[in-house]
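Written below as structure tokens is the structure these notes are about.
The values are calculated or read from the model by the stated rules, or taken from the named source; none is laboratory data. Model, not experiment: these values are computed from the prediction. Quick reminder, even Gly has a Cβ in these numbers, built from the backbone with ideal geometry, and neighbours come from all protein chains shown. In case anyone asks, the SASA skips ligands and DNA or RNA and just uses the protein heavy atoms, side chains included. Shrake-Rupley method; radii C 1.70, N 1.55, O 1.52, S 1.80 Å.
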Amino acid sequence: MHGRRRAAIVEGVVLLLAFLVFLRLHAAGGKDVVAATAHARALQSVERVLHLDVEQGANAWLVAHPVLLPPAVWFYRSYYVVVVGVLVWVFLRHAEVYLHVRRTLLAMIALVLPVFWALPMAPPRFALPGVVDVVAEHDVLGSNASRDTGSGANLYSAMPSLHVGWAAWCAYAVWSGLRASHPRAALSAWLFPLVMAADVLTTGNHYVLDVVGSAVLLGVSVAAARAWGHLAERRLARSRHLPWGA
């Protein structure tokens, strides 16, 4: 019991430090507004060619339904709580997959930072005419952080969408834990990132291709976590075969 409690504390501290480092490094990017705007225009051109440029219409639809605005903002704001809840749930109830899904989450954090630094991207609320910044206009927390360029936050990291990426991670973690015992419930977990994708598109925070980028990020992170696990297993097996004192 004491060992498990100690392990939980260590996990919590390690993950908290990882997220604090991520937040600091993430905030260091997104300073080149000119490049971020140019990248957004290039992305918009690609979406027009592919007939994926739905952001303005999606945003207008949400704004035309005022009753949906507070739930959309709450949903947008609450994904951190879901990430923490899923981490705790997997740690307590599905220890057999915890290490892999935790490695996947850490891989996502590490892999997305170079993208944010190399490819700053202005979100639709900044780069598309007529798009309403729903979160800023109707924020249930009364915060202007989503548009305050002086807050120190990186507001130009639309590609990929971490809201969708971490929602997809939550679905992957739940699916990993439940797929053997409750396959239907495991599949239903993927509704979360689908709804989050609709939310970030309609609130003017992301493009369709940002959502595609989130799917790619999760896939690459899962592969990286598996490679990490195989390497750890090899090292453990090698250490067990070493003679004492070697």
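For the chain, what are the DSSP H helices with axial Cα length of 20 Å or more and mean Kyte-Doolittle hydropathy of at least -0.5?
2-27, 33-50, 79-93, 95-118, 162-178, 208-241
Percent relative contact order of the stretch 1-130, based on C-alpha pairs within less than 8 angstrom and at least six residues apart? If you can, show how the numbers build up before the last one.
Numbers: 50 pairs, mean separation 68.1, N = 130.
Relative contact order here is 52 percent.
Rounded if a/c is under 1.5, else prolate if a/b beats b/c, else oblate: with a ≥ b ≥ c from the C-alpha gyration tensor eigenvalues square-rooted, which is the chain?
In terms of gyration-tensor shape, prolate.
Please give the per residue accessible area of the stretch 1-144, computed with a probe of 1.4 Å over protein heavy atoms only, in Å².
56 Å²
Could you check the spin-label model distance between ARG226 and VAL49? Points 7 Å from the Cα along Cα→Cβ, value in nm.
Calculated label separation equals 3.1 nm.
Counting only other residues whose beta carbon sits under 12 Å from that of HIS100, what net charge do I get with K and R as +1, D and E as -1? Intermediate results must be reported in sequence, preceding the final value.
Working: positive: ARG102, ARG103, ARG226; negative: GLU96, GLU233.
Charge balance in the 12 Å sphere: +1.
Quick check on the stretch 1-59: take the gyration tensor over C-alpha atoms, sort the square-rooted eigenvalues as a ≥ b ≥ c, and tell me if it's rounded (a/c under 1.5), prolate or oblate.
Prolate.
Which cross-chain or sequence-distant (5 or more) residues have an amide H under 5 Å from the amide H of MET121, H modelled 1.01 Å from N in plane?
SER157, ALA158, MET159
Quick query: amide H of VAL54 versus all other amide H atoms, modeled in the peptide plane; which residues come in under 5 Å with a sequence gap of 5 or more or a different chain?
Result for VAL54 returns VAL208.
Taking the Cα centre of the chain as origin, work out the dipole magnitude from +1 charges on Lys and Arg Cβ and -1 charges on Asp and Glu Cβ, in debye rounded to 20. Walk me through the numbers before you get to the answer.
Working: 20 positive and 13 negative charges, 274 e Å.
The dipole magnitude comes to about 1320 debye.
Is the shape of the stretch 38-146 best called rounded, prolate or oblate, per the rule: a/c under 1.5 gives rounded, else a/b larger than b/c gives prolate, else oblate, with a ≥ b ≥ c the square roots of the Cα gyration tensor eigenvalues?
oblate
So what's the net charge close to SER221: Lys and Arg +1, Asp and Glu -1, counting the other residues with Cβ under 13 Å from its Cβ?
+3
Considering only the other residues whose Cβ falls under 12 Å of the Cβ of TRP117, what net charge follows from Lys and Arg at +1 and Asp and Glu at -1?
0
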